[in-house]
Amino acid sequence: MFIQTEDTPNPSTIKFLPGQPVTGGAPVDVPTMEDADKHSPLAKTLFDISGVSSVFLGNDFVSVTKAEGKEWSVLKPRILAGIMDHYMAGLPVLNEDSASDSNASDASRYEGLDEISLQIKEILDERVRPAVAMDGGDIVFDRFEGGIVYLEMRGACSGCPSSTATLKMGIENMLKHFIPEVVEVQPVEA
C-alpha cells in the first residue's frame, strides 16, 4: 500500500490519500477523541498518536490536523504507519451505524429549505465543495437568514489562515453573483 500526502492551505493540516475509499461517500468530521470512539476506528487509531488534534474523513482522503507546537517531521511517519496498519488489518474506517447516520443527518438538515437556500446549497455542492475537498476540507451550508449565508468549515478549512479569504473573496462573491439576495457570508462554529 502506498499512501500519498498533500499539503493543504492550512499549515496545521495534511491530506493523506490511501489510494482506496475512505468513507466512500459523505465526509465525516471527527474533531475529538470522543467522536472517534463513537464513529471511526481509523480516527481513533490516529487520535492515539500524540499530537493529532482532529481528523476529517473524506470520500478518498484523510485530513489530519496537528496540535500547536507539534512537528510534521515527527507526526507524519506515525500517521502514515497508523493508516497503513489500519487498512492492512482490514479494519473498518467507520462504525456501521456512523455512515448511515451521517447521510441521514445531512438529508434531514436540508428538508424544508426555502428556494434561495436550495439554490445556495446547489451552488456550494456543485462548484465549491469539490474544490475545497481537493484541499482536504469541506464547507457545509448551515442556514440563510437576513441575506447572510452561514457556512460550517470542516477538515483543513477549519482554522485555516486563508479560510476568511476563501469565504469573502471566493464564495461570497460567487453567491452574490448568482443569487442577488445574498449580502454576506459568515462562518459558524461546528
Quiz item: In whole Å, what is the distance between the alpha-carbon centres of the range 4-58 and the range 137-180?
Solution: 22 Å
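What number comes out for accessible area per residue over the chain if the probe is 1.4 Å? Units Å², please. Don't skip to the end; give the middle numbers.
Numbers: 9550 Å² over 190 residues.
Solvent-accessible surface per residue comes out at 50 Å².
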Exercise. May I ask you to list the lysines whose Cα is less than 21 Å away from that of residue 176, ignoring any residue fewer than eight positions away on the same chain?
Key: 121, 168
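Looking at the chain, do any whole DSSP H helices span at least 24 angstrom along their long axis by alpha carbon and average -0.5 or above on Kyte-Doolittle, and which? Don't jump to the answer; show the numbers that get you there.
Numbers: long enough: none.
Qualifying helices: none.
Tell me the relative contact order for the chain as a rounded percent, counting alpha carbon contacts under 8 Å between residues six or more apart.
Working: 327 pairs, mean separation 41.0, N = 190.
Relative CO of the chain lands at 22 percent.
Which whole-number value in Å³ per residue fits the convex hull of the alpha carbons of the range 140-190?
Numbers: hull volume 3.4 nm³, N = 51.
Cα convex hull per residue, to the nearest whole number: 66 Å³.
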Practice problem: List the extent of the Cα atoms of the chain along each of their three principal axes, largest first, rounded to whole Å. | Solution: 50, 34, 27
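Where in the range 125-161 are there chymotrypsin sites (Phe, Trp or Tyr not before Pro) that are in a DSSP coil and have at most 12 other Cβ atoms within 10 angstrom of their Cβ? Don't skip to the end; give the middle numbers.
Values: sites: 141, 144, 150; in loops: none.
Answer in residue order: no site qualifies.
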Practice problem: Provide the per-residue ³J(HN,Hα) series for the range 4-16, in order, calculated from phi with Karplus coefficients 6.51, -1.76, 1.60 and θ = phi - 60°, each as a whole number of Hz, with x at glycine and proline positions. | Solution: 8, 10, 9, 5, 10, x, 8, x, 8, 10, 10, 9, 10
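Using the Cβ atoms and a cut-off under 15 Å, what net charge is assigned to the surroundings of residue 7, where Lys and Arg are +1 and Asp and Glu are -1? Write down the numbers at each step before the final one.
Numbers: positive: 15, 66, 76; negative: 6, 71, 135.
Net local charge, residue 7 excluded: 0.
Relative to the Cα centre, what is the charge dipole magnitude of the range 51-190, using +1 at the beta carbon of each Lys and Arg, -1 at the beta carbon of each Asp and Glu, and rounding to the nearest 20 debye?
On the way: 12 positive and 23 negative charges, 138 e Å.
The calculation lands at about 660 debye.
The values are calculated or read from the model by the stated rules, or taken from the named source; none is laboratory data. Everything quoted here is computed from the prediction, not taken from an experiment. No Cβ is skipped: glycine too gets one built from the backbone with ideal geometry, and neighbour counts run over all protein chains shown. Calculation scope for accessible area: heavy atoms of the full protein, side chains included, ligands and nucleic acids excluded. Shrake-Rupley method; radii C 1.70, N 1.55, O 1.52, S 1.80 Å.
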